[in-house]
Amino acid sequence: MYNIVGLGKAGCSIAEMFAQYPQYKVYKLDSENVKESNYFKLPKCKTIEEYEERVPSLKRFFKGISGKVLFVVGGSGKIAGASLRVLSQIKHCELTILYIRPDTQLLDNLRRQQERVVYYVLQESARSALFERMYVVGNSALANIIGDISIVGYYDKLNELLVTTMHMINVYENSEPIIDTHSDSVLDVARISTVGMYDHERGKEKWFYPLAAPREKTFYYAFNKKCLQEDGQLHKEVTEQIKKIVTKHTKVSYGIYETEYEQNYVYCKMHSSKIQD
């Protein structure tokens, strides 16, 4: 069982989407009035500092939580200031951060400064190994990948792409590949990460955040059974693509997996040791 903890409106919305899969147990925290057994109402505050100071004991709410935790928070809300206080109460777990970065050009000066503080503090904490990893995702990057999106349900579409991608990567990381070159672990210093998709036919990487100075990339090729059995050029195509992605400073690995889906997909992860601006 993988625990998902969502903080704030964006975090709760994404956490709720994970709940559609049986592999996840979801916890949600926000300052709105919601009557759900897996929801905790935090005191409503006016500033990011107040949110940090007024986080109560969550011992009963997180009773029994253990193992892996994905903590999801959006950087545009003041409630993001409560992140470290909430995380400190589940520090016995294996913590990974999923940080949703807003388009900072659309924020006013105060909110932009507040977002920057939260963003850098969480990254520094990840680099110091207080967290296992920090995934950064940009809403603008998600929107560019999807293309035209109606205003109604806009964020639902972005969140759906993100959650589906992260879920499928989790699935393949816990599945036996047909062929793979995956190493046992990612470079220990490369703890700032993002995820994405790869267009196998066009050879195009579609990352959910423009991560600077990547040290390592991992690709998960999910092909249907017919394709794996009948396409004699498939393995050659994959290896040729991977060779083009490798650079002097970036290690690249891949795995090929069988899927029951009619369409083929390729998911990917990227890791950096550099604090992202």
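Values for this structure:
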| item | result |
| --- | --- |
| The chain, accessible surface, carbon-and-sulfur percent (1.4 angstrom probe) | 48 |
| Whole-number percent relative contact order across the chain, with pairs defined as alpha carbons under 8 Å at least 6 apart | 16 |
| Cα-projected label distance for Ser273 with Arg60, points at 7 Å along beta-carbon direction, nm | 4.6 |
| Interchain or long-range residues, amide H under 5 Å from Tyr257's placed H | Ile178, Tyr221, Ala222, Phe223 |
| Gain upon complete extension [Ile179, Asn33; 0.36 nm per residue less C-alpha separation] | 47.6 nm |
| Cα-Cα P(r), the range 96-180, percent of pairs per 5 Å interval | 3, 11, 17, 17, 19, 17, 9, 4, 2, 1, 0 |
| Sorted peptide list for 74-80, 227-233, criterion being average Cβ within 10 angstrom, highest first | 74-80, 227-233 |
| Amide hydrogen neighbours beyond the local backbone of Val72, cut-off 5 Å, H modeled | Val5, Gly6, Leu7, Leu98 |
| Leading residue at positive end of dipole, the chain (Cβ point charges), from Ser88, Ala222, Pro210 | Ser88 |
| Per residue accessible area of the range 202-252, 1.4 Å probe, in Å² | 61 |
| Size descriptor, Kirkwood hydrodynamic radius, that averages inverse alpha-carbon separations across the range 30-105, Å | 13.4 |
| Residue (of Tyr21, Asn170, Val136) at the positive-pole extreme of the chain, dipole from beta-carbon charges | Val136 |
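The values are calculated or read from the model by the stated rules, or taken from the named source; none is laboratory data. Keep in mind it's a predicted model, so treat the numbers as computed, not measured. Virtual Cβ from ideal backbone geometry, glycine too; neighbours counted across all protein chains shown. Side chains are part of the model used for accessible areas, which takes the heavy atoms of the whole protein and leaves out ligands, DNA and RNA. Shrake-Rupley method; radii C 1.70, N 1.55, O 1.52, S 1.80 Å.
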